[in-house]
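Chemist: What follows is a single structure, and I will ask about it in a moment.
The values are calculated or read from the model by the stated rules, or taken from the named source; none is laboratory data. Just so we're clear, the structure is a prediction, and the values are computed from it rather than from any experiment. Cβ sites come from the backbone with ideal geometry, for glycine too, and all protein chains shown count toward neighbours.
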Amino acid sequence: MNSRTRAIAILAAGLGAAAVGAVLYGMMGGNVHANGTPPAVLDKMKLSAGSPAAPPIAFKDAAGKELKLADFHGRYMLVNLWATWCGPCINELPELAKLQSQLPQDRVTVVPVDVLERLDAEKLGEFLKMHDAAGLPVFIDAERATQRGFVANELPLTVLIDADGHEVARAAGGQKWADPAVVAYLKAISAPAN
C-alpha cells in the first residue's frame, strides 16, 4: 500500500470512528452529564468550588415534624428555597413538580423549602395545588435557618447536594427544571456506580 492509499485509509478509519462516536453519543443521550457539568438549559446553575458540606439545617414537613438535610442522606437533593410572594419562585413551582415526578426517588429528590413567611402547612399545600405543584412536598422554614445556612441573598435559590451531603452546584433565579436535559442530567449523576 502506497503512502497516499494509507493516508486515505487512515482518514476513512478516523471519520468512521467519529461517526460511530456521534451515533453512540446521540443514542446515550449525550452522557456528558456524568462529569457533573449541568446542561446548558440550567444557565444560572454554577458548580460549587471545593464541594462544601451542606449546612446542618432543619425545617418542618406538613405534619410539623422536624427534618434535616441529613434525613435525605444517600440520595441527591435539589434543595429549592422559595416564598409565596416571589414571582420567579412561583413560575418554577410547576417545573419542579414535573421534575419530581420524573426522578427515581430513591436516588434524587426535590426538597422545596418555603422560607421568609409564616403560612401554615394547610395553606401552603393549597398554594402549591393552585400553582400546579401539588406533587411537591410541603416543607416550611419559619426560622430562616435554610436561608442563613445557604447564604441565600435572593430567591429562588436552588442547591444541588450529592448523596454524601456535599454541595455540587447552585442556581440563583428561576430555571427550566422539567426540561428533558435536566431530567437526564439528574438521573445520570445519581446513577449507581457500576
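Chemist: If you check every pair at least six apart or on different chains, which have Cβ atoms under 8 Å apart with a residue in the stretch 152-179 that is in the same structural domain as Leu81 (by TED's automatic domain parsing) and assigned to a loop (DSSP other than H, G, I, E, B) first and a residue that is surrounded by fewer than 17 Cβ atoms within 10 Å (Cβ to Cβ) and among the polar types (S, T, N, Q) second?
Modeler: Asp162/Ser51; Gly174/Asn91; Ala178/Gln102
Chemist: Is there a residue in the stretch 119-139 that is at pLDDT below 95, within 15 Å of Val79 (Cβ to Cβ) and surrounded by fewer than 19 Cβ atoms within 10 Å (Cβ to Cβ)?
Modeler: No: zero hits.
Chemist: Any chance the stretch 94-116 includes a residue that's among the small types (Gly, Ala, Ser), assigned to a helix (DSSP H, G or I), modelled with pLDDT of 95 or more and surrounded by fewer than 19 Cβ atoms within 10 Å (Cβ to Cβ)?
Modeler: yes
Chemist: Related question: Identify the single condition in (1) closer than 24 Å to Pro55 by Cα; (2) not in a helix (DSSP H, G or I) that Leu186 does not satisfy, given that it satisfies every other one.
Modeler: (2)
Chemist: Can you name the number of the only condition in (1) touching a Pro at 6+ places or on another chain (Cβ under 9 Å); (2) surrounded by 19 or more Cβ atoms within 10 Å (Cβ to Cβ) that Ala181 fails?
Modeler: (2)
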